[in-house]
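A short worksheet on the structure shown next.
Every read-out reported here was derived from the displayed coordinates using simple, explicitly stated rules and does not represent laboratory data. Fair warning: this is a prediction, and the values are worked out from it, not measured in the lab. Positions of Cβ are backbone-derived with ideal geometry, glycine not excepted, and every protein chain shown enters the neighbour counts.
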């Protein structure tokens, strides 16, 4: 029997990660933190990742997985009772960046949907509670270039799909949680 799935949405710097970490810490159970960032040579991303590492409890197990998260988590022999995936936004970007150009809406949505399939398959066969963080990208500026719009639309549909499957959905704004579901 699958555990509970919680989706935490919000804009950039809305407090998603800090809130998710607080919720998970309150559970007092072994945690697998899934970090999706593929830093490469991106110095700004390295600074962000380092800031997250500093505030993350040292006793949490960390898995760095930039793609195929469901498959990788499913292959682990872990004692974790909670999976905290931070974040789907970056994971979706990783998935789209590996597509052949020109990247179409259909290709991006299929690739991200396949990633979501893997996550949900692993979630559904386990007993762990999952907390997935993602950005709500549909409330901001419309990207001025086609690939940005393709990515925004594909991530928006992925968020909708996860929200439909989730037991609980929380929307963060200015550090404040708003319960949307559950």
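Tabulated data
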{"read-out": "Selected from 42, 153, 129 as most flexible by GNM, with the chain as the system and alpha-carbon contacts under 10 Å", "value": "42"}
{"read-out": "Residue 25 versus residue 60: modelled label distance in nm, points set 7 Å from Cα along the beta carbon direction", "value": "1.0 nm"}
{"read-out": "Ranked list, fewest to most other Cβ atoms within 10 Å of each Cβ, for 23, 85", "value": "23, 85"}
{"read-out": "Shape category assigned to region 97-146 from the gyration tensor of Cα positions, a/c cut at 1.5", "value": "oblate"}
{"read-out": "C-alpha long axis of helix 146-165 to longest principal axis of the chain, angle in °", "value": "30 degrees"}
{"read-out": "Cα long-axis angle, helix 105-125 against the chain (0 to 90 degrees, to the nearest 10)", "value": "10 degrees"}
{"read-out": "Hypothetical label at residue 18: residues of region 142-182 whose amide nitrogen lies under 12 Å (7 Å Cα-Cβ projection)", "value": "173-177"}
{"read-out": "Relative contact order for region 75-163, counting Cα pairs under 8 Å that sit 6 or more residues apart, in percent", "value": "42 percent"}
{"read-out": "Neighbour-count ranking [beta-carbon atoms within 10 angstrom, fewest first] of 96, 31, 72, 142", "value": "142, 72, 96, 31"}
{"read-out": "Nearest-ten-degree value, helix 16-27 long axis tilted from longest Cα axis of the chain", "value": "20 degrees"}
{"read-out": "Cα Rg, Dmax, the chain, angstrom units", "value": "15.6, 46"}
{"read-out": "Inter-centroid distance (Cα atoms) of region 4-27 relative to region 40-58, Å", "value": "17 Å"}
{"read-out": "At R0 = 25 Å, FRET efficiency that the Cβ-Cβ distance of residue 181 and residue 2 yields, to 0.05", "value": "0.95"}
